[in-house]
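The values are calculated or read from the model by the stated rules, or taken from the named source; none is laboratory data. These figures come from a predicted structure and were not determined experimentally. Cβ: placed from backbone, ideal geometry, glycine included. Neighbour counts: every protein chain shown.
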Amino acid sequence: MIEYTKEELQTFEDDIKNEFIKGNIRYPIHLSRGNEYQLIEIFKKYNIGDNDWCFCSHRNHYLALLKGIPKEWLKNQIITGHSMHLMSKEYKFFASSIVGGSLFPAVGVADSGEHTFCFVGDMCSLTGKFHESVQYSLHFNLPITFVIECNGMSTNTPSYETVNIEHKHDSSIKTIHEWENGKVIRYCYERKTPHINVDQFVSFQ
């Protein structure tokens, strides 16, 4: 695990934002401003390191950095259009732009005995495939930890309103389901960037 400060993570994404504004990134990007503190704490608390797999969604730049992926390689991947589906076998990192697209591969890797962390959004955590993955992992006692990153939004729609669930936004990191070799934890954060790209119109030449 490479340790980053909140400011260092923000500086990297500010650089990515500027590259997008200049027209150097001609593909979708999903920035993570507002989600620094909790991710740093999770990586420290659970000692996520080189031997752990990390599976996640399209909003993955901070996770990639914290997992130890070099900034230069990551920036090149983003500029060349791979922001939403970063993958590296060397760094044991897998991201999917499909909602829940990382769940079944994460469970499969955990089923092989390798410890796995799987990060999902709050709307994804309300889907059937999430509950299937958790139940399978529970009953087979797999070495996997699911992390729900709750920003209260599904794209631009309030997540919990869509399923009529009362939800109190709470930034503390809480274990909401636990078993012998794994757990489901959840925390909330306030999204400081648009769902996609940046908060201004960009003209590509």
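Hey, can you tell me all the residues within segment 149-164 that are in a loop (DSSP other than H, G, I, E, B), modelled with pLDDT under 80 and farther than 19 Å from residue 197 by Cα? The answer is 159, and nothing else. Pairing residues of segment 148-175 that are farther than 21 Å from residue 117 by Cβ with residues that are among the aromatic types (Phe, Trp, Tyr) and modelled with pLDDT under 80, at Cβ distances under 8 Å and at least 6 apart in sequence or on separate chains, gives 152/160; 166/160; 167/160. With respect to (1) crowded, with 20+ Cβ neighbours inside 10 Å; (2) over 18 Å from the mean Cα position of the chain (by Cα); (3) of a type in the set (D, E, K, R), the lone exception for residue 149 is condition (2). Residue pairs whose Cβ atoms lie under 9 Å apart, sitting 6 or more positions apart in sequence or on different chains, and linking a residue in segment 1-22 that is over 15 Å from residue 41 (Cβ atoms) to a partner that is surrounded by fewer than 13 Cβ atoms within 10 Å (Cβ to Cβ) and of a type in the set (S, T, N, Q), are 18/24; 21/200. Screening residue 141 on (1) in contact (Cβ under 8 Å) with a residue 12 or more places away in the chain; (2) part of a strand (DSSP E or B) shows it passes everything except condition (2).
This table checks each residue for (1) under 30 Å from residue 17 (Cα atoms); (2) surrounded by fewer than 20 Cβ atoms within 10 Å (Cβ to Cβ).
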site: 111; (1), (2): no, yes
site: 118; (1), (2): yes, no
site: 126; (1), (2): no, yes
site: 136; (1), (2): no, yes
site: 173; (1), (2): yes, yes
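Do we have residue 130 as over 23 Å from residue 49 (Cα atoms), buried (at least 19 other Cβ atoms within 10 Å of the Cβ) and more than 13 Å from the chain's Cα centre (by Cα) here? Yes; evaluated as a whole, the condition is true for this residue.
Give me a count of the residues in segment 178-193 that are surrounded by 14 or more Cβ atoms within 10 Å (Cβ to Cβ) and at pLDDT 75 or above.
Within segment 178-193, the subset surrounded by 14 or more Cβ atoms within 10 Å (Cβ to Cβ) is 181-189, 191-193.
Next cut, at pLDDT 75 or above only: 182-189, 191-193.
Total meeting the criteria: 11.
Test residue 167 against the criterion of being assigned to a loop (DSSP other than H, G, I, E, B), in contact with a Phe, Trp or Tyr (Cβ under 9 Å, 6 or more places away or on another chain) and at pLDDT below 85, and give yes or no. When the stated conditions are applied, residue 167 passes them.
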